[in-house]
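The numbers here are math on the coordinates, done by the rules we state, and not lab data. On a predicted model such as this, the values are computed, not experimentally measured, just so you know. Positions of Cβ are generated from backbone atoms using ideal geometry, with glycine treated the same way; all protein chains shown enter the neighbour counts.
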Amino acid sequence: MIYPDFNNIIINNSVGVSPVGSDTQLIAQQVAQLDFTRALEVGIGTGFIPIYLSTLNRQCEGIDINPQAINCASENAKLNQVDVKFFLSDLFANVTGKFELIIFNPPYGNVRSTFASKYLEIIKSLLPKENPLLSKITYLLIRKSRRQLISLFLDNVKSVLVDSGNIVILLHYSELDLIKDSKFRILGELGQQKLVCI
Ligand SMILES: C[S@@+](CC[C@H](N)C(=O)[O-])C[C@H]1O[C@@H](n2cnc3c(N)ncnc32)[C@H](O)[C@@H]1O
């Protein structure tokens, strides 16, 4: 699909990979306005955000725990004739160096690669992401494992962030307590989710 509001990038979704949604587009639009020289997106899905940034001559690498997401994002980068570094990593396990900006749209479900979780990813990629009722039900089912993943992310993010760096993360309003000790501002809202810059 072509995205006219995003430099006409062409992004194909892929079964088993988190599809582009209004969350993806809100994050891409907001991070493009921030000041940074080198960014890292954790959990790239289709690669939409790093690919869009790359078309604006902004440098953004991307990681994902799901090999299918790495393949999908790499194919999408080729399609848009941009050179973006995508690689497999469970959070920061394979990340080296430091970044001025870390972007994270945490998953609705924990995909630490068990057999069952691969099927969960396929089902999620086929269901409409924007359905509010479905989002509420999914959130209730997975909120504990999602909080754990976000806490792990927040505990480790400093190891890959420069001292004055920023984190942009999309949180459910009930997760804002996880960042209560940090200074943050809200960049945008999407239903019950807040896009925050820490
Ligand atoms: C909600 S999707 C976001 C996809 C994309 N950034 C977007 O906004 O459309 C979350 C992504 O995080 C990835 N993910 C989940 N757990 C992860 C982990 N431990 N390390 C890296 N990526 C992870 C999932 O595979 C998925 O692609």
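Quick notes on this one:
- Rounded D (µm²/s) - the range 1-44, Kirkwood Rh over Cα pairs, Stokes-Einstein at 20 °C, 1.002 mPa s: 179 µm²/s
- Shown for Phe99, Phe48: other C-beta atoms within 10 Å of each C-beta, ranked fewest to most, produce the order Phe99, Phe48.
- FRET efficiency for Arg143 and Ser182, using Cβ-Cβ distance with R0 set to 25 Å, rounded to 0.05: 0.75
- Residue-by-residue Karplus 3J(HN,Hα) for the range 33-46, coefficients 6.51, -1.76, 1.60, Hz, glycine and proline x: 8, 8, 9, 6, 9, 9, 10, 9, 9, 9, x, 7, x, 7
- Part-to-part distance (alpha-carbon centres) for the range 61-103 and the range 17-58, which is given in Å: 11 Å
- Ordered by the number of other Cβ atoms lying within 10 Å of each residue's own Cβ, fewest first, Asp5, Asp35 fall into the sequence Asp35, Asp5.
- Remark: the range 174-186, residue by residue, has Karplus-estimated 3J(HN,Hα) of 6, 9, 5, 4, 5, 10, 4, 8, 10, 7, 8, 10, 8 Hz, where x stands for each Gly or Pro and the curve is 6.51 cos²θ - 1.76 cosθ + 1.60 at θ = phi - 60°.
- Around the amide H of Leu187, modelled in the peptide plane, lie the amide H atoms of Leu195, Val196, Cys197, all under 5 Å away and 5 or more residues distant in sequence or on another chain.
- Taking other C-beta atoms within 10 Å as the exposure proxy, Asp83, Asp64 rank Asp83, Asp64 from fewest upward.
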